[in-house]
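Here the structure comes first, spelled out in structure tokens, and everything after it is commentary.
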Amino acid sequence: MDVNSFQKKEKGFIDEPVPRDVDLVEEINRLKTEKKAVVLGHYYQTADIQDISDYLGDSLKLSQVAAETDAEIIVFAGVHFMAETAKILSPGKKVIIPDKNAGCSLADSCPPDEFRKFTQAHPDHTVISYVNTTAEIKTLTDICVTSTNALPIVKSLPEEEKIIFAPDRHLGSYIQRMTGRENMKIWQGACHVHEEFSVEKIVELKKQHPQAKVIAHPECEKPVQLLADHVGSTSSLLKFTSKDDARQYIVATESGILHQMKRESPEKEFIVAPPKDSTCGCSDCNFMKMITMKKIYNSLKYEKPVVELDEETIEKARRPIVRMLEISKELGL
Ligand code: 13P
Ligand code: SF4
């Protein structure tokens, strides 16, 4: 299936006007009960969406939930590859994404035809792909990973095992640095949000707030990672801020996570790290922010748009994701 074809369509959501007197929170909750539906929300969603989500988490947690839920309908408040992963893990369920055009620049940086050639050129390599990929890339993958389990999963493989790591070059080189592995071929993809944080501006900000700790996602560029007091996945950054004793943090990841950081540590201050280009508003993922309460309401009401994948793709793409969930369980993640 050509997943990217969604992005060519003009509208990826149900564009029905919602009367002013409709209380979206109440109506979404009513529809969820009536239809035995659950909303899975990623930490990068807006605060209102996080608050109505039945399950909130990073991409690892949400894929674990998607594999186990007994709900009849899954509404995925996140980006397309996440909803696709839920469909692959629960093919018998109706999986809805409130806006099909909520894509991912990182997933787009790994086109299947080029990636197939790359894997064919290195047939003796184990292919490890971040879940931030299309279903087609997953069919070419041996083990999927998320930013939470990528490092422990790579560490769990024998040292002599050759690896292709895709698609994020910064996460790939972070893993290479942490493991000292020479035998890794890294695909040169990147996320437009995390690549945009400016090390120079973070240094300036640190001068104004000398007590603040810098925390960064491993999709950030190496200089930002080297400057950071802690590098980790979205949930790892959240855990760090709730356990650590600093009072101020400069956060180099998508700004949606600040809602939970403030909730868990209301006495602390969180400052979003500045992007290189101050006009781009880069700490927001414009794809994640395409999902709105109104779109969630309409998608639940009309049960559209649904994620559809052919059986062969589901079967092939399922193996590396299940492998990831199994290894994560073995590692207690
Ligand atoms: P997590 O694996 O931390 O959920 O990150 C997903 C993502 O899209 C990062 O940009
Ligand atoms: Fe993709 Fe980056 Fe948005 Fe995450 S933040 S969904 S990697 S574009």
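The values are calculated or read from the model by the stated rules, or taken from the named source; none is laboratory data. A quick note: this is a predicted structure, and the numbers were derived from the prediction, not measured. Reconstructed Cβ throughout: ideal geometry from the backbone, glycine too, with neighbour counts over all protein chains shown.
The condition (being among the basic types (Lys, Arg), modelled with pLDDT of 95 or more and under 15 Å from Ser255 (Cβ atoms)) is satisfied by just one residue among Lys316, Lys289, Lys268, Lys295: Lys289. Restricting attention to the range 284-333 and to residues that are touching a Lys or Arg at 6+ places or on another chain (Cβ under 6 Å) and part of a helix (DSSP H, G or I), the residue that is nearest to Pro19 (Cα to Cα) turns out to be Ala317.
For Ile88, indicate whether it is more than 16 Å from ligand 2 (Cβ to nearest atom), under 19 Å from the mean Cα position of the chain (by Cα) and at pLDDT 95 or above. Yes.
The residue that is surrounded by the fewest Cβ atoms within 10 Å (Cβ to Cβ), counting only those in the range 186-201 that are under 17 Å from Ser283 (Cα atoms) and touching a Pro at 6+ places or on another chain (Cβ under 7 Å), is Lys201. When the residues of the range 285-309 are filtered to those that are touching a strand residue (DSSP E or B) at 6+ places or on another chain (Cβ under 9 Å) and within 16 Å of ligand 1 (Cβ to nearest atom), which remaining residue is nearest to Ala37 (Cα to Cα)? Among residues in the range 285-309 that are touching a strand residue (DSSP E or B) at 6+ places or on another chain (Cβ under 9 Å) and within 16 Å of ligand 1 (Cβ to nearest atom), the one nearest to Ala37 (Cα to Cα) is Ile291.
Here is a list of conditions, (1) farther than 21 Å from Gly57 by Cβ; (2) part of a loop (DSSP other than H, G, I, E, B); (3) away from ligand 1 (no atom under 12 Å from the Cβ); (4) in contact (Cβ under 8 Å) with a residue 12 or more places away in the chain, and Pro158 meets all of them except one; can you say which number that is? The one condition Pro158 does not meet is (4).
Of the helices (runs of 4 or more DSSP H) contained entirely in the range 161-243, those carrying at least 2 residues that are basic (Lys, Arg), away from ligand 2 (no atom under 16 Å from the Cβ) and free of Cβ contacts under 8 Å to residues at least 60 places away in the same chain fall at 199-208, 234-243. Among Lys185, Lys207, Lys155, which is in contact with a strand residue (DSSP E or B) (Cβ under 9 Å, 6 or more places away or on another chain) and of a type in the set (Lys, Arg)? Testing whether each residue is in contact with a strand residue (DSSP E or B) (Cβ under 9 Å, 6 or more places away or on another chain) and of a type in the set (Lys, Arg) leaves just Lys185. For the range 122-139, the set of residues classified as in a loop (DSSP other than H, G, I, E, B) and crowded, with 22+ Cβ neighbours inside 10 Å consists of Val131, Asn132, Thr133, Thr134, listed by residue number.
Just one of (1) free of Cβ contacts under 8 Å to residues at least 24 places away in the same chain; (2) in contact with a helix residue (DSSP H, G or I) (Cβ under 7 Å, 6 or more places away or on another chain) fails for Pro98. It is (1). Flag: Ser278 does not match the condition of being in a loop (DSSP other than H, G, I, E, B) and in contact with a strand residue (DSSP E or B) (Cβ under 8 Å, 6 or more places away or on another chain). Note on the range 244-266: among residues that are touching a helix residue (DSSP H, G or I) at 6+ places or on another chain (Cβ under 7 Å) and of a type in the set (Ser, Thr, Tyr), the one that is farthest from ligand 2 (Cβ to nearest atom) is Ser265.
Note on the range 142-155: residues that are within 16 Å of ligand 1 (Cβ to nearest atom) and under 23 Å from Glu84 (Cα atoms) total 9. Just one of (1) more than 20 Å from Asn132 (Cβ to Cβ); (2) more than 19 Å from the chain's Cα centre (by Cα) fails for Met184. It is (1). Take Leu157 and tell me if it is under 28 Å from Leu331 (Cβ atoms), of a type outside the set (Lys, Arg) and within 16 Å of ligand 2 (Cβ to nearest atom). When the stated conditions are applied, Leu157 does not pass them.
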